[in-house]
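The values are calculated or read from the model by the stated rules, or taken from the named source; none is laboratory data. Since this is a predicted model, take the numbers as computed values, not measurements. FYI the Cβ positions are ideal-geometry reconstructions off the backbone, even for glycines, and counts take in every protein chain you see. Side chains included, ligands, DNA and RNA excluded: accessible areas come from the protein's heavy atoms. Shrake-Rupley method; radii C 1.70, N 1.55, O 1.52, S 1.80 Å.
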Amino acid sequence: MGMTMTQKILAAHAGLESVTAGQLIEADLDLVLANDITGPVAIHEVERLNKKTVFDKDKIALVPDHFTPNKDIKSAEHCKCVREFAKQHDITNYFEVGEMGIEHALLPEKGLIVAGETCIGADSHTCTYGALGAFSTGVGSTDMGAGMITGKAWFKVPSAIRFVLQGKPKKWVSGKDVILHIIGKIGVDGALYKSMEFTGDGIQHLTMDDRFTIANMAIEAGAKNGIFPVDELTEAYMKEHSAKSYQVYEPDEDAEYDETYVIELDKLEPTVAFPHLPENTRTVKESGEVRIDQVVIGSCTNGRISDLRAAAEVLKGRHVAPGMRCIVFPATQGIYLQAIEEGLLQTFVMAGAVVSTPTCGPCLGGHMGILAAGERAVSTTNRNFVGRMGHVDSEVYLASPAVAAASAVLGRIAEPADLGL
């Protein structure tokens with residue numbers, strides 16, 4: 001029986017000729033990622049085991065991004081723990097405030113992960129790097145601590161679901177709409193501990209930012225990972241951002257998939273996930289009159305430069321609705337600088353939005369955009385669970401940057417077409 005892309009990567013890193021779904025393996029790791037929330041737990045575990053150093057100082061990435069700039073004393077202590085560990089072990093890839101970004105946007109930008117590699121991180125959206133043809137997945141802090149020490153991790157080889165993407169999305173339909181449509185179709189447990197493997201001629205019409213968004217939210221369907229084939233666009237991205245060599249793995253013709261779904265991209269419409277699950281999806285046209293109080297544009301899902309461009313295109317020459325709070329978070333310092341150079345930040349400010357430093361803050365209800373009881377937000381983030389962005393009686397509606405921007409202007413869930421765009 002043939003292997004999927006994910007299975008081939010895992011077999012290679014386990015030193016095996018082949019693997020099968022359900023098989024337990026120990027695989028070598030190319031990168032281990034930690035942030036300021038999950039990192040201290042793993043660091044304390046490393047210290048408890050009395051290990052003198054990490055397995056490879058060049059293959060650890062420490063990114064304080066959730067509560068930075070520090071929002072309170074506790075978060076400051078967490079970041080101090082990560083900072084001191086990085087200094088003690090001479091970690092190459094430690095990113096301080098001013099150099100940092102939201103981890104899942106920063107690592108590809110810095111070229112730290114490429115096709116054919118394995119990566120674990122104690123953050124569920126580590127699956128983002130599947131957009132590059134890598135196997136990446138979220139793990140617990142203890143597993144991550146063991147990975148930092150040994151450079152290895154145990155995995156149960158996942159089975160796979162194939163998603164055949166066909167056609168070309170219409171304007172204002174982005175990777176966010178694609179993945180929300182898929183999650184709405186299969187549910188938040190539709191790919192439980194499986195690999196979501198994307199294929200089809202429609203991929204050529206998806207930007208790298210679209211693919212990062214789709215892979216990022218594979219976990220919201222319960223998947224172990226999401227992964228895209230490596231094409232010319234992927235290779236161009238990696239050559240621009242990384243000096244590392246990469247390995248391209250393609251699925252065998254007789255690879256086994258639990259299910260196959262055909263997604264006709266040209267038929268998709270701007271989509272919103274209603275509270276309180278990412279599977280609770282409707283098109284904007286089906287949403288009705290839902291008034292909102294806040295819009296958040298950013299995060300590891302939709303804080304990249306094309307996301308900001310889409311939002312700015314909608315907001316240019318317009319103003320957010322009276323009483324509306326619109327908060328924009330470029331995902332990295334590099335993206336922030338590019339947005340300045342392109343005049344996007346000027347557009348946001350003139351439209352009545354506020355622009356913040358790169359941070360995960362509002363996405364997890366940490367800071368920089370907490371909701372009060374009864375408030376509603378349209379957000380380009382990835383989760384809308386009860387209390388995710390603040391009070392348990394608040395509501396989060398997930399959407400693309402274009403939909404979020406249009407909603408900010410009209411004060412209700414809307415799409416660019418509602419503005420004549």
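Which entries of LYS168/LYS316; LYS8/LYS224; LYS171/LYS285 show an alpha-carbon separation above 21 angstrom in the structure shown? Among LYS168/LYS316; LYS8/LYS224; LYS171/LYS285, the Cα-Cα distance tops 21 Å for LYS168/LYS316.
With θ taken as phi - 60° and the Karplus curve 6.51 cos²θ - 1.76 cosθ + 1.60 applied, the whole-hertz 3J(HN,Hα) list for segment 114-121 is 9, 4, x, 8, 10, 8, 10, x Hz, x standing for glycine and proline.
Within the shell defined by Cβ-Cβ distances under 9 Å, the residues around THR4 carry a net charge of -1, with Lys and Arg each +1 and Asp and Glu each -1. Taking 0.890 mPa s as the viscosity and 25 °C as the temperature, the Stokes-Einstein diffusion coefficient of segment 279-421 based on its alpha-carbon Kirkwood radius rounds to 168 µm²/s.
The residues of segment 286-340 expose, per residue, 37 Å² of accessible area to a 1.4 Å probe. Kirkwood hydrodynamic radius computed over segment 13-95 comes to 14.3 Å, based on all pairs of distinct alpha carbons. Computed about its Cα centre, the charge dipole of the chain is approximately 1000 debye, with only Lys, Arg, Asp and Glu carrying charge at their Cβ. Lysine pairs in segment 33-101 whose alpha-carbon atoms fall under 23 angstrom of each other, counting only those eight or more residues apart or on distinct chains, come to 12. Distance between Cα centroids, segment 1-66 to segment 186-214: provide it in whole Å. Going from one Cα centre to the other spans 22 Å. The H on the amide N of LEU33, modeled in the peptide plane, is under 5 Å from the matching H of ALA61, ILE120, GLY121, ALA122, each at least 5 residues off or on a different chain.
Under the criterion of Cα pairs below 8 Å and six or more residues apart, the relative contact order for the chain equals 17 percent.
For the pair SER18 and THR53, a Förster radius of 60 Å applied to the C-beta separation gives a FRET efficiency near 0.95, rounded to the nearest 0.05. Taking each residue as 0.36 nm, the span from GLU289 to ALA76 lengthens on full extension beyond its C-alpha to C-alpha distance by 72.5 nm. For segment 1-111, the per residue solvent-accessible surface stands at 45 Å², with DNA, RNA and ligands left out and a 1.4 Å probe. P(r) for the chain, from all Cα pairs and a bin width of 10 Å, is 5, 24, 33, 26, 11, 2, 0 %, short bins first.
Could you please state how large a percent of the accessible area of the chain is carbon and sulfur, counting protein chains only and using a 1.4 Å probe? Roughly 50 percent of what the probe reaches on the chain is carbon or sulfur. May I ask you to derive the relative contact order of segment 214-341, considering only C-alpha pairs under 8 Å and at least 6 residues apart, and to give it as an integer percent? Reported relative contact order: 18 percent. Shape analysis of segment 146-222 places it in the prolate category; the axes a ≥ b ≥ c from the Cα gyration tensor give an a/c of at least 1.5, with a/b above b/c. Charges were assigned to the Cβ only: +1 to each Lys and Arg, -1 to each Asp and Glu. The resulting dipole of segment 81-203 about its Cα centre is roughly 540 debye. The residues of segment 154-231 have, on average, 31 Å² of accessible surface per residue, using a 1.4 Å probe with all protein chains present. Whole-Hz Karplus values for segment 59-71 come out as 10, 10, 10, 10, 10, x, 9, 7, 10, 10, x, 3, 8 Hz, taken residue by residue from phi with 6.51 cos²θ - 1.76 cosθ + 1.60 and θ = phi - 60°; glycine and proline positions read x.
Distances between placed amide hydrogens fall under 5 Å for TYR94 paired with LEU62, all partners being 5 or more residues away or on another chain.
For segment 235-322, the square roots a ≥ b ≥ c of the C-alpha gyration tensor eigenvalues yield an a/c of 1.5 or more together with a/b not exceeding b/c, which makes the shape oblate. Proximity of backbone amide H atoms, modeled 1.01 Å from N, is registered between CYS326 and VAL295, VAL354 at under 5 Å, excluding neighbours fewer than 5 places apart on the same chain. In the chain, helices alone account for a calculated mean residue ellipticity at 222 nm of -8500 deg cm²/dmol, with every DSSP H run of four or more residues adding -39,500 (n - 2.57).
Please work out whether segment 234-277 counts as rounded, prolate or oblate from its C-alpha gyration tensor, where a ≥ b ≥ c are the square roots of the eigenvalues and a/c under 1.5 means rounded, while otherwise a/b larger than b/c means prolate and anything else oblate? Note, shape of segment 234-277 comes out oblate.
Take every Cα pair under 8 Å whose residues are at least 6 apart in sequence, average their separation, divide by the length of segment 17-151, and the relative contact order is 33 percent. Calculated on the alpha-carbon coordinates, the convex hull of segment 177-292 measures out at 131 cubic angstrom per residue.
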